[in-house]
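Just below is one structure, and these are the notes that go with it.
The values are calculated or read from the model by the stated rules, or taken from the named source; none is laboratory data. As the structure is a computational prediction, the values presented were derived from the model and not from experiment. Note that each Cβ is placed from the backbone with ideal geometry, even for glycine, and that neighbours are counted across all protein chains shown. Areas reflect the complete protein model, heavy atoms only, side chains present, ligands, DNA and RNA absent. Shrake-Rupley method; radii C 1.70, N 1.55, O 1.52, S 1.80 Å.
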Amino acid sequence: MSKLFFDPMKHPEWIQPQTVEWYANLAIETGGYKHPWKSEFDEPRAEIIFADKIATYINEDTRMLDVGCGRGDFTSLFAHKAKEVVGIDVIEGYIASANNKKTGESVKFLVVDADKQLPFPDSFFDVVYTKKGPWLFHEGSQEGRRVIKSGGIVLGLYHCGTDGGLRNLFPGLYNPFPENYLDEVKVKFERQLSESGLEEAELVIFEEVEYLSRPEDVLHKKCFGQSEALKKMVWRECLNDVEEIFRQNATPRGLKVVNYHALMVGRAK
Ligand SMILES: C[S@@+](CC[C@H](N)C(=O)[O-])C[C@H]1O[C@@H](n2cnc3c(N)ncnc32)[C@H](O)[C@@H]1O
């Protein structure tokens, strides 16, 4: 049986990912939502699949909203393809960084908490999307429905976990997916879409192949957004064994892993 690794998620300093505390820590450490690990991908990458899907719904008259835009790199892809693109994020550091890099008047970045009232008029946007940020169309929430035009398009891309062997190679550090995990992911997003009350709803779960370049990238991926003190502990406890397993299993491009993504699309009533 494989060695059981130190599990950083059981340590009291573990910060639950995707919480405001975790985003704030990332903003301090990396100046934004930026992956610290080195890797390469098989094409097409998930974000390119998502960008291409969004692009099918826009033209020079489109007003778009990017919810939870982070440092705004993805938002800016649409700068010269739409009339107006607005990126909102609750973390001031991300918006400051997005504004520093901003090119052109058609893109705006604003500090906005998407859980509160949005500073936009009714029926303002033709397209509202989020790439791994807050979903504005949960049952009972009104703001997404208020700011999108009737017939407007809503899209969401969410990362649903990584495996492709990673979880068997490093047990403890990465815990195995529960049985039927991907079926349950599908059910969860189907429910989210149906509760959103969108028409022509469409869900696709797809795979993205990534190659982690170095043994420490196995640890960086796990410890994304954690404190320096916790990372030091993980490196001390795990790196030697991770190096050996990495050497035995890596391809010439790196250690192959698979990222799962859910892509949702629907039309507002
Ligand atoms: C996983 S990151 C994705 C960032 C960016 N969309 C990307 O794909 O690189 C999620 C983003 O949602 C933002 N976020 C989380 N809760 C939010 C809220 N209530 N209002 C606005 N933004 C929020 C976070 O600050 C973070 O930048």
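The residue among SER106, PHE120, TRP135 whose Cα reaches farthest toward the positive pole of the charge dipole of the stretch 63-221, with charges on the beta-carbon of Lys, Arg, Asp and Glu, is SER106. Taking a sphere under 11 Å around the Cβ of ASN175 and counting the other residues whose Cβ falls inside, with K and R at +1 and D and E at -1, yields a net charge of +1.
Between LYS108 and SER150, 0.36 nm times their residue separation minus their Cα-Cα distance comes to what? Please report the intermediate quantities before stating the final value.
Numbers: separation 42, 0.36 × 42 = 15.12 nm, distance 2.30 nm.
Going from the current span to full extension adds 12.8 nm.
In the chain, Cα pairs under 8 Å separated by at least six residues give a relative contact order of 26 percent.
In Å², and per residue, what accessible area does the chain have when probed at 1.4 Å with the other protein chains present?
Numbers: 13460 Å² over 269 residues.
Heavy-atom accessible area per residue stands at 50 Å².
Comparing mean-square fluctuations of PHE74, PHE125, PHE177 from a GNM of the chain with C-alpha springs under 10 Å, the top value falls on PHE177. If each Cα of the chain is one equal point scatterer, what is log10 of I(q)/I(0) from the Debye formula at q = 0.10, 0.15, 0.16 Å⁻¹? Results for the chain at q = 0.10, 0.15, 0.16 Å⁻¹ read -0.56, -1.18, -1.30. Within the shell defined by Cβ-Cβ distances under 14 Å, the residues around GLN117 carry a net charge of -1, with Lys and Arg each +1 and Asp and Glu each -1.
For GLU139, GLU208, what's the largest-to-smallest order of accessible area, 1.4 Å probe?
Details: GLU139 130, GLU208 15 Å².
Most to least solvent-accessible, the answer reads GLU139, GLU208.
Given +1 at the Cβ of Lys and Arg, -1 at the Cβ of Asp and Glu and no other charges, the dipole of the stretch 1-114 around its Cα centre is 120 debye to the nearest 20. GLU202 sits among other residues whose Cβ lies under 11 Å from its own Cβ, and their net charge, with Lys and Arg +1 and Asp and Glu -1, is -1.
Let me check something: with ligands and nucleic acids excluded, how do GLU47, GLU60 order by accessible area (1.4 Å probe), largest to smallest? Can you show the working numbers first?
Values: GLU47 65, GLU60 135 Å².
The most accessible residue leads, giving GLU60, GLU47.
Over the stretch 98-230, the ratio between the Cα radius of gyration and 2.2 N^0.38 Å evaluates to 1.34.
Compute, for the chain, the length of the dipole vector about the Cα centre, with Cβ point charges of +1 (Lys, Arg) and -1 (Asp, Glu) only. Units Debye, rounded to 20. Don't skip to the end; give the middle numbers.
Numbers: 34 positive and 42 negative charges, 73 e Å.
Once rounded to the nearest 20, the dipole reads 360 debye.
For HIS138, the solvent-accessible surface computed with a 1.4 Å probe is close to 90 Å², ligands and nucleic acids excluded.
Averaging sequence separations of C-alpha pairs under 8 Å and six or more residues apart, then dividing by the length of the stretch 39-160, give the relative contact order as a whole percent.
Values: 218 pairs, mean separation 29.8, N = 122.
Relative contact order comes out at 24 percent.
For GLU202 and ILE48, a Förster radius of 22 Å and the Cβ-Cβ distance give a FRET efficiency of 0.75, rounded to the nearest 0.05.
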